[in-house]
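Asks: Okay, here's the structure, questions in a sec.
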Amino acid sequence: MAPNCRHTTSQKKAEEDAIREEKTKNLQTAAAEFKVPYHTLRWQAQNLTKPHSKAHKNSQLLTEGQEATICDWAKYLAMMGHPLSKCNLCAKVSELSKKLKAKKKLTGKDKGPSKTWVKDFLTCHSELKLGCPTGIDPKRMQMFNYTTVNHHFKLLDNFLKSENIPWDNVYNMDEKGIQLGGGRKCDNMKYLFSWTAKAQVKAKSDQLKLVTVIECMCVDGTSLKPGFVFSGS
């Protein structure tokens, strides 16, 4: 994983540009100017150093292929409404890592990845992030997929064209349930989602007493006044 190194990539590029454009006389002057050890700058100038991910390849828990597979798997599970938590991720890493398996066989204890491993993993894979999802009923979640949604809009587009209905007459209605009394305690568990995913949901079934707020908006941006539905006595 990438370390919190003072000598960043941008700083290294600035040093190389300074030497190349002869803004500094030599490596010793550049090292003093940028406050970098001389030997560090010399090794980099002669391409004797490697990136952290390659230099410490043998100490990593997972291979590059395994990490890429976990990223794709995490994004797929998040899209299906069953995102990975940090605990589930660490458990899966323990199953895949040869180093952790060998350590467990030697010590007889399954400690799993370190406490900072998930943080370092997310730093290296910026397409993932931790988030607190909102609950969605499993029955609704069954229709929450690309094939079904794409088919729905194709049918809608064909219907509007066949009936010559302008988009100004197309409205969208939705409802929002608000629990009386402040609701249950929030789930502070965070799960993995793709940075490009706008919807962060997790399948969850709750039987609650709600006040329903109904809204309706037209494609042209106009909207109706919201309606409120209260539970009967």
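Asks: Please tell me which of these pairs span more than 21 angstrom C-alpha to C-alpha: Lys35/Lys119; Lys129/Lys209; Lys92/Lys202?
Replies: Checking Cα-Cα distances, Lys35/Lys119; Lys129/Lys209 exceed 21 Å.
Asks: A further question follows. Pulled fully out, how much extra length does the chain show between Ala197 and Cys87, if you take 0.36 nm times their separation in residues and subtract their Cα-Cα distance?
Replies: 37.4 nm
Asks: Next question. What length, rounded to one decimal in nm, is gained on full extension from Asn158 through to Glu33, with 0.36 nm per residue of separation minus their alpha-carbon distance?
Replies: In short, 38.3 nm is gained.
Asks: Also, I was wondering about something else. Tell me, what is the 1.4 Å probe accessible area of His152, in Å² to the nearest 10?
Replies: So the heavy atoms of His152 present about 100 Å² to solvent.
Asks: Starting from the Cα of Asn169, step 7 Å along the direction of its Cβ; do the same at Phe144; then give the gap between the two resulting points in nm.
Replies: Placing both labels 7 Å beyond Cα along the Cβ direction yields 3.4 nm.
The values are calculated or read from the model by the stated rules, or taken from the named source; none is laboratory data. What you see is a predicted model; the values in this text were computed from it and never measured. When we count neighbours, we look across all protein chains shown, and the Cβ atoms used for this are built from the backbone with ideal geometry, even at glycine. To get the accessible areas, we keep the full protein, side chains included, count just its heavy atoms, and leave off ligands, DNA and RNA. Shrake-Rupley method; radii C 1.70, N 1.55, O 1.52, S 1.80 Å.
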